[in-house]
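The values are calculated or read from the model by the stated rules, or taken from the named source; none is laboratory data. Keep in mind that this is a model prediction, so the values were computed, not measured. Positions of Cβ are generated from backbone atoms using ideal geometry, with glycine treated the same way; all protein chains shown enter the neighbour counts.
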Amino acid sequence: MKHAAELISLLSAGLFAGAALYVSVVEHPARVAAGTTVALSQFPLSYARAAPLQGGSAIVSLVFGLVSAAVGGTWAWALAGGCVGAAVPLTLVVIEPVNERLRSQHEGAAGDADATALLSRWARLHALRTATGLAGFGLAAALALYS
């Protein structure tokens, strides 16, 4: 049971971290480079597809990190899962207002400066999610490797 929980926590942390890194390094910069109008029209579609994958994998990593710690693993498994799981409240409390504003923008409805500022703010906030996910995955990988 302990090893299965650790493996699930590790794999879901890796899925979250990899997806978050891809969005931060590839997808968001590409949509911004295509121009504000393209970025604003593409964002809601991308967000709708990414949110269940990233949110689900963050929750799974958190739950199985806690299970791993509870069934005989070290408390560090809970910390690893917590780092990844922190993306959920971070998203719901801090990033969601920016997400909502970006999703509600219509072509031409926002001034270019306002839309550019929103897209830039979103990128910085998402980088924070990416960093916490990578930290959790790195810790889980080290725990799996050295246990």
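Number of residues in segment 98-116 that are surrounded by 13 or more Cβ atoms within 10 Å (Cβ to Cβ) and free of Cβ contacts under 8 Å to residues at least 60 places away in the same chain equals 4. Scanning segment 1-50 for residues that are of a type in the set (D, E) and either surrounded by fewer than 13 Cβ atoms within 10 Å (Cβ to Cβ) or out of contact with any helix residue (DSSP H, G or I) (no Cβ under 6 Å at 6 or more places or on another chain) (or both) gives a single hit, E27.
When V67, V88 are screened for being more than 15 Å from the chain's Cα centre (by Cα) and hydrophobic (A, V, I, L, M, F, W, C), only V67 passes. In segment 32-51, the residues that are farther than 13 Å from A115 by Cα and of a type outside the set (A, V, I, L, M, F, W, C) never reach a residue that is surrounded by fewer than 14 Cβ atoms within 10 Å (Cβ to Cβ) and at pLDDT 90 or above with C-beta atoms less than 6 angstrom apart, at least six apart or across chains.
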